[in-house]
Amino acid sequence: MNSYRERTNNGYQVYISKQKGMDSMKIIDTHCDALLKLQLAKRGLPYGKLPLSFQHAAELETNLARLQQGSYMAQFFAIFIEPDVPSDEKWQHALEQIDMFHTEILDKHPEMKHMKSWEDFDRLQPGEIGAVLALEGADAFGNDFVKLRQLYREGILYMGMSWNNANLCADGAGEPRGGGLTELGKEVVNMNNANQVYTDVSHSTVKGFWDILELSDYPFASHANARAICDHPRNLYDEQIKAMFAKNGLIHLVYNPPFIKKGQRPSNDR
Ligand SMILES: [Zn+2]
């Protein structure tokens, strides 16, 4: 494996990698909703009932067969709590999704290697695909740092401060008042820095984006495109993109139709 990477002041940034003797690029997909779907299926809600196999279930959109077919290097799995889940049940939902990550993805598929640090990208062997946890929205831990530290220990490597709605840390891209980070949110970004966890701006308001960019040592957009090409509220303005690159931030693009061309119907709108 020949990894193209740069060691920057801010730590590792993995760009692309290319297996020796092969023309195809390896892909790192920084967002999918398979954990939510596995959890809902287990609860008997949409996406059918278990067994919903990560091996090949099309309902998951991301599955092992597709990752192998696409020659993936790594797949990030977002822990995402739906906004209508009552506040005091959110942590239980997060735990259930982490449990799905272990029992349905890692334990049943030895090809999937749990990666808990950026250095783990170096240790992947041929035939292995990295599996990485991420958090989409600080709702999961509320203002409880015991829970937040548990998430770090589980190996989340990026954290979105919000989904589209507001929480204790930040307003989300769908929140009309358009606020940025709260004091708690700023404290959490500093904790992300201390733990080498990227802070994701994909669902941030414009103000939230600039708040994060100022504070974060590791700014990241796990699923957002360019507004100059498609004026979607979750896409980034040119000034934002330039500012991200000036701080060695990473931007991973979305192939979901509404983020590419105005008026397109979503295939999935998480
Ligand atoms: Zn999202």
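Side notes on the structure shown:
- Positions within the stretch 152-166 being more than 14 Å from the ligand (Cβ to nearest atom) and buried (at least 22 other Cβ atoms within 10 Å of the Cβ), in sequence order: I156, L157
- P110 vs. criteria farther than 22 Å from Q196 by Cα, in a loop (DSSP other than H, G, I, E, B), out of contact with any strand residue (DSSP E or B) (no Cβ under 6 Å at 6 or more places or on another chain) and modelled with pLDDT of 95 or more: yes
- Count of the stretch 135-161 residues which are within 18 Å of E89 (Cβ to Cβ) and touching a residue at least 24 places away in the same chain (Cβ under 8 Å): 13
- Failed item, numbered, when Y237 is tested on (1) under 19 Å from the mean Cα position of the chain (by Cα); (2) within 15 Å of H252 (Cα to Cα): (1)
- Residues satisfying the stated conditions in the stretch 113-139, i.e. away from the ligand (no atom under 16 Å from the Cβ) and in a helix (DSSP H, G or I): D120, F121, D122, R123
The values are calculated or read from the model by the stated rules, or taken from the named source; none is laboratory data. Computed from a prediction, not measured in an experiment: that's the story for all the values here. Glycine also receives a Cβ, built like all others from the backbone with ideal geometry; neighbour counts cover every protein chain displayed.
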